[in-house]
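Chemist: Please find one structure pasted underneath; my questions will follow.
Bear in mind that the values in this text are calculations on the coordinates, not laboratory data. Small disclaimer: the values here were computed from a predicted structure and weren't measured. Methodologically, a virtual Cβ is constructed for each residue, glycine included, from the backbone with ideal geometry; neighbour enumeration extends over all protein chains shown.
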Amino acid sequence: MIEVKDIKKTYKTGDVEFEALSGVSFTIKDGEFVAIMGPSGSGKSTLMHILGALDKPSSGTYFLDGKDVSILTDDELADIRKDKIGFVFQSFNLLPRTTVLRNVMLPLVYDGIEQKERENRAKKALLLAGLDEGHFLNLSNQLSGGQIQRVAIARALVNNPSLILADEPTGNLDSKTSEIVLATFQKLNKELGRTIILITHEQDIAEHADRILFIKDGLLEERATHIKKIASQIIKHI
Amino acid sequence: MKNSDLLHETYSALSANKARSGLTMLGIIIGIASVIAMTAIGQGAQNSVSASIQSIGANLVMIMPGATRSFGGPSGGRGGAQSLTVADADAIASQVSNVAGVVREVSSRAQVVATGTNTNTSIVGTEASYLSVRNVAIDEGSFITSQNVTSGEKVAVLGPTARDDLFGVGATGVVGQTIRISGAEYTVIGITVDKGGSGFSNADDIIYIPYTTAQRYLSGNKYLSEIDAQATSSDASTQVQNDITDLLLSRHNISDPTKADFNVLNEASIIATASSVTGTFTTLLAAVAGISLVVGGIGIMNMMLTTVTERTREIGLRKAIGAKRKDINKQFLSEAVALTFIGGVIGVILGWLISFGVSYLGILQASVSVSSIILAFCVSAGIGIIFGYYPARRAAQLNPIDALRYE
Ligand SMILES: Nc1ncnc2c1ncn2[C@@H]1O[C@H](COP(=O)(O)OP(=O)(O)OP(=O)(O)O)[C@@H](O)[C@H]1O
Ligand SMILES: [Mg+2]
């Protein structure tokens, strides 16, 4: 269960301050599949980093499973990331010159899990993310963009997180591959009951979610407003 | 994070950039090798100095005339100081305890002629006990006997160098021949064993004659130029030195010890002085080598800082997927320690090889001590920790998002 109350995030570059999030509040229940949409630079990734316990809000509170994450220390945040969260980054961030298998096993290294068990779980996660077994021992720089994306997803799944966050996981995939990736997320959500939050630009991908959150200029817009806009546009066309 | 993972990460990180790791390690290798080699050479020098002093004779207490004389070998032209007598030597032999032997000596330099060859060498007038007290052995013939001394016979025992100078290198059949010292004829009765040229002066370029003969024909007076006493053990040598000083002060009627007309030198204290000189020398060498080790350490730090910067994104990712500060800290620290440790091992081997080479070439008998090896290991690991600490801490404190954004 995610409870976000009036979260603000201000970035400081030199003397200039920039408010990327200006007071966002929402609740996401366990097992929900939520999409976040919004124009570029609206603060989606910023919000996602806070939800993923990678960054702390400048003000406001974030309760994850009843625990206030916004006041935890660095190492406590690291534990939350390790135990509860799987993150697919907008820029994937695989370790260079490292095999696919090792990349996916990496989160388990910090969990102190045995080598054999690590391999089993990494292979399972890779198959679930839809990567062919033939690529498991490729180095990360010997993969196509779509394959990299699936490795990044597999790495997010390998520690059996209850919350999976994905920042534009279908960003540079063709529509067919996007479908496969999306199906993976739906399977994780429907069959394994994982909470999934996904950022996307594409309306038809967002439609797969139970709910859509719209962000603009660091503020949450009601879905209704958006629908009204579309409706009014449609009406104009008519 | 398990230790096996740490080891694997360290190995793959260091082998990913072999040239850089190797060059950085080279700094440590050179530092450790020079520390090992320098201390070994210094220790070797110290040993050889002690050994050459000991070759003068064991537990020796030397009494020389004259006040505050600086330490040096006996010389012929000893100015005026005539204070030691045969009676002094007799008193030392009979009244001081723990004395194993006493030698009376009258030294000078003189012109020596044999079969037309001419040389100027040092003539030591002495007696039979010289052999045991001054650690000299006879190669051929015999040494001066007490009979020779009492009758003041003109007999001579040649050092091997004096023999070579007078009769040709390695000449045989010298015993029984005649030489002329300051114009008087002497019969050669023996040749001593080669002592080796090491030491302060060549101990083999010498001719021994009875001290009574030397007093009569060379110095022309009844004084001695040196008395040597041998203490029964090295522990007793200080006591022997003190007792002789007291005895001679009272015999010479001197109440103020600073005005003594003689000087008593203890071999043990000479060795101690010489050791402290070579010890300072060794420390100096080691310090210079130590500086190169510190420079090597700075190289490690430089490399680690570069590595941390290069791998900022990787660090960000590791933190993002659950690595704690201490995991990152350990990873980078172990890279630094691995570099210095491997560098230390190679450095010890290289330092040992250098010491071995120095000994093998006969320059000096270098001696590598176990303690310097253990010290080198500890120092190299310590350098890894000290110089790796700051870069590792910097890596560990990176914020995951900032690190992931780093280009
Ligand atoms: N570390 C930072 N320092 C300063 N400004 C930042 C920083 N990170 C983000 N911003 C700013 O915050 C705003 C929101 O950035 P964010 O990455 O959240 O956008 P986004 O909605 O994910 O955009 P996109 O769809 O293009 O990925 C941007 O204007 C960006 O310039
Ligand atoms: Mg973004």
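Chemist: Please give the FRET efficiency for B:Arg109 paired with B:Ser255, using the beta carbon to beta carbon distance and R0 = 30 Å, rounded to the nearest 0.05. Write out the running numbers ahead of the final one.
Modeler: On the way: r = 36 Å, r/R0 = 1.19.
Result of the calculation: an efficiency of 0.25.
Chemist: Any chance you could list the semi-axes, whole Å, largest first, of the equivalent ellipsoid that the Cα gyration tensor gives for chain B, using √(5λ)? Can you show the working numbers first?
Modeler: On the way: eigenvalues 932, 111, 43 Å².
Values for chain B, descending: 68, 24, 15 Å.
Chemist: Per residue, how big is the convex hull around the C-alpha atoms of the range A:121-238? Give it to me in cubic angstrom, could you? Before the final figure, lay out the partial values.
Modeler: Values: hull volume 16.3 nm³, N = 118.
Hull volume over Cα atoms, normalised by residue count, gives 138 Å³.
Chemist: Another question about this same structure. Work out the FRET efficiency for A:Gln90 and B:Ser276 from their Cβ-Cβ distance, taking R0 = 60 Å, and round it to the nearest 0.05.
Modeler: Values: r = 70 Å, r/R0 = 1.17.
About 0.30, to the nearest 0.05.
Chemist: Let me ask something else. Taking R0 as 30 Å, what's the FRET efficiency between B:Gln177 and B:Ser55 from their Cβ-Cβ distance, rounded to 0.05? Please list the in-between numbers first.
Modeler: Numbers: r = 28 Å, r/R0 = 0.94.
E(calc), rounded to 0.05, equals 0.60.
Chemist: Helix A:175-190: angle to the longest alpha-carbon principal axis of chain A, degrees 0 to 90, nearest 10?
Modeler: For helix A:175-190, the angle is close to 90 degrees.
Chemist: If I take the Cα coordinates of the protein assembly as shown and project them onto the principal axes, what are the three extents in Å, biggest first?
Modeler: Principal extents (largest minus smallest coordinate, Cα): 148, 54, 40 Å.
Chemist: Something else now. Report the antiparallel proportion of the DSSP beta bridges in the protein assembly as shown as a percent, rounded to a multiple of 5. Mind showing how you got there, number by number?
Modeler: Values: 58 of 84 bridges.
Given both bridge residues lie in the protein assembly as shown, the antiparallel proportion sits at roughly 70 percent.
Chemist: If you don't mind, another one. Take the alpha carbon atoms of the range B:117-182, find their center, do the same for the range B:19-46, and report the distance between the two centers in whole angstrom.
Modeler: Measuring centre to centre over Cα atoms gives 49 Å.
Chemist: Springs between alpha-carbon atoms under 10 Å, Gaussian network over chain A: tell me which of A:Lys29, A:Lys84, A:Lys216 tops the mean-square fluctuations.
Modeler: A:Lys29
Chemist: Moving on. Looking at the square roots a ≥ b ≥ c of the eigenvalues of the Cα gyration tensor of the range B:185-296, which shape do they give, rounded for a/c under 1.5, prolate if a/b is larger than b/c, or oblate? Could the numbers behind the result be given before it?
Modeler: Values: a/c = 3.01, a/b = 1.51, b/c = 1.98.
Note, shape of the range B:185-296 comes out oblate.
Chemist: Using just the C-alpha positions of the range A:161-226 as equal point scatterers, what log10 of I(q)/I(0) does the Debye formula give at each q in 0.14, 0.24 1/Å?
Modeler: Rounded to two decimals, the profile gives -0.44, -1.13.
Chemist: OK, next. Where the centroid of each part is defined by its Cα atoms, how far is the range B:379-407 from the range A:138-190 in Å?
Modeler: Their Cα centres are 31 Å away from one another.
Chemist: Taking every DSSP beta bridge with both residues inside the range B:84-251, roughly what % is antiparallel (nearest 5)? Don't skip to the answer; put the middle values down first.
Modeler: On the way: 28 of 37 bridges.
For the range B:84-251, the DSSP antiparallel bridge percentage is about 75.
Chemist: Moving on to the next point. How far is helix B:3-16 tilted, in degrees, relative to the longest principal axis of the Cα atoms in chain B, given as a value from 0 to 90 rounded to the nearest 10?
Modeler: Once rounded, the angle reads 90 degrees.
Chemist: What distance in nm lies between label points placed 7 Å from Cα along the C-beta direction at B:Ala287 and B:Thr238?
Modeler: 2.8
Chemist: Which loop GluC sites (Glu not before Pro) in the range A:136-214, with loop taken from DSSP, have no more than 10 other Cβ atoms within 10 angstrom of their Cβ? Before the final figure, lay out each step's value.
Modeler: Values: sites: A:Glu179, A:Glu191, A:Glu202, A:Glu207; in loops: A:Glu191, A:Glu202, A:Glu207.
Taking the range A:136-214 and a limit of 10 other Cβ atoms within 10 Å, the loop GluC sites (Glu not before Pro) found are A:Glu191, A:Glu207.
Chemist: Sequence gap at least 6, Cα distance under 8 Å: using those rules, report the relative contact order of chain A to the nearest whole percent.
Modeler: Worked out over chain A, it gives 28 percent.
Chemist: Provide the gained length on full extension for the span B:Tyr390 to B:Asp139, in nm with one decimal, where the gain is 0.36 nm per separating residue minus the Cα-Cα distance. Don't jump to the answer; show the numbers that get you there.
Modeler: Details: separation 251, 0.36 × 251 = 90.36 nm, distance 6.83 nm.
Contour length minus the Cα-Cα distance gives 83.5 nm.
Chemist: Report for the range A:2-236 the percent antiparallel among DSSP-assigned beta bridges with both residues inside it, nearest 5. Intermediate values should be presented prior to the final figure.
Modeler: Numbers: 21 of 38 bridges.
Counting only bridges with both partners in the range A:2-236, antiparallel ones make up about 55 percent.
Chemist: Compute the relative contact order of chain B as a whole-number percentage, counting only Cα pairs closer than 8 Å that sit 6 or more residues apart in sequence. List each step's numbers first, then the result.
Modeler: On the way: 756 pairs, mean separation 117.3, N = 407.
After rounding, I find 29 percent.
Chemist: Viscosity 1.306 mPa s, temperature 10 °C: give me the Stokes-Einstein translational D for chain A in µm²/s, with Rh taken as the Kirkwood radius over C-alpha pairs.
Modeler: Values: Rh = 18.7 Å.
This corresponds to a translational diffusion coefficient of 85 µm²/s.
Chemist: Turning to a different aspect of this structure: B:Thr150 versus B:Thr117, label points 7 Å from Cα toward the beta carbon: distance in nm?
Modeler: Reported label-point gap for B:Thr150 and B:Thr117 is 3.6 nm.
Chemist: For the range A:28-184, give the magnitude of the charge dipole about the Cα centre (Cβ charges: +1 Lys/Arg, -1 Asp/Glu; no others), in debye to the nearest 20.
Modeler: Dipole magnitude for the range A:28-184 comes out near 340 debye.
Chemist: Moving to a separate point now. Helix B:18-54: angle to the longest alpha-carbon principal axis of chain B, degrees 0 to 90, nearest 10?
Modeler: Between the helix axis and the principal axis of chain B, the angle is about 20 degrees.
Chemist: So, one more: With a/c under 1.5 counting as rounded, go ahead and sort the range B:247-355 into rounded, prolate or oblate using the C-alpha gyration tensor (a ≥ b ≥ c being the square roots of the eigenvalues; past the cut-off, prolate if a/b is larger than b/c, else oblate). Please list the in-between numbers first.
Modeler: Values: a/c = 5.58, a/b = 4.03, b/c = 1.38.
In terms of gyration-tensor shape, prolate.
Chemist: Sticking with this one: In nm, to one decimal, how far is the modelled label at B:Asn302 from the one at B:Leu247, with both set 7 Å along Cα→Cβ?
Modeler: Those two pseudo-labels are separated by 6.7 nm.
Chemist: Below 25 Å, Cα to Cα, which lysines can A:Lys29 reach? Residues fewer than 8 away in the same chain don't count.
Modeler: A:Lys5, A:Lys8, A:Lys9, A:Lys44, A:Lys56, A:Lys67, A:Lys82, A:Lys84, A:Lys187, A:Lys190, A:Lys216
Chemist: Where a Cα-Cα gap under 18 Å defines reach, which aspartates and glutamates qualify for A:Lys176, not counting those fewer than 8 residues away within the same chain?
Modeler: Reachable aspartates and glutamates: A:Asp132, A:Glu168, A:Glu202, A:Asp204, A:Glu207.
Chemist: Considering the dipole of chain B built from charges on the beta carbon (Lys and Arg +1, Asp and Glu -1) around the Cα centre, which of B:Ala45, B:Ala128, B:Tyr223 is farthest to its positive end?
Modeler: The one lying farthest along the dipole's positive direction is B:Ala45.
Chemist: Using modelled amide H (1.01 Å from N, peptide plane; none on Pro or chain starts), what sits under 5 Å from the amide H of B:Ala100, excluding residues fewer than 5 places away?
Modeler: B:Gln230, B:Ala231, B:Thr232
Chemist: Magnitude of the Cβ-charge dipole of the range B:84-251, K/R +1 and D/E -1, about the Cα centre, nearest 20 debye? List each step's numbers first, then the result.
Modeler: Values: 10 positive and 18 negative charges, 92 e Å.
Taking the Cα centre of the range B:84-251 as origin, the dipole is about 440 debye.
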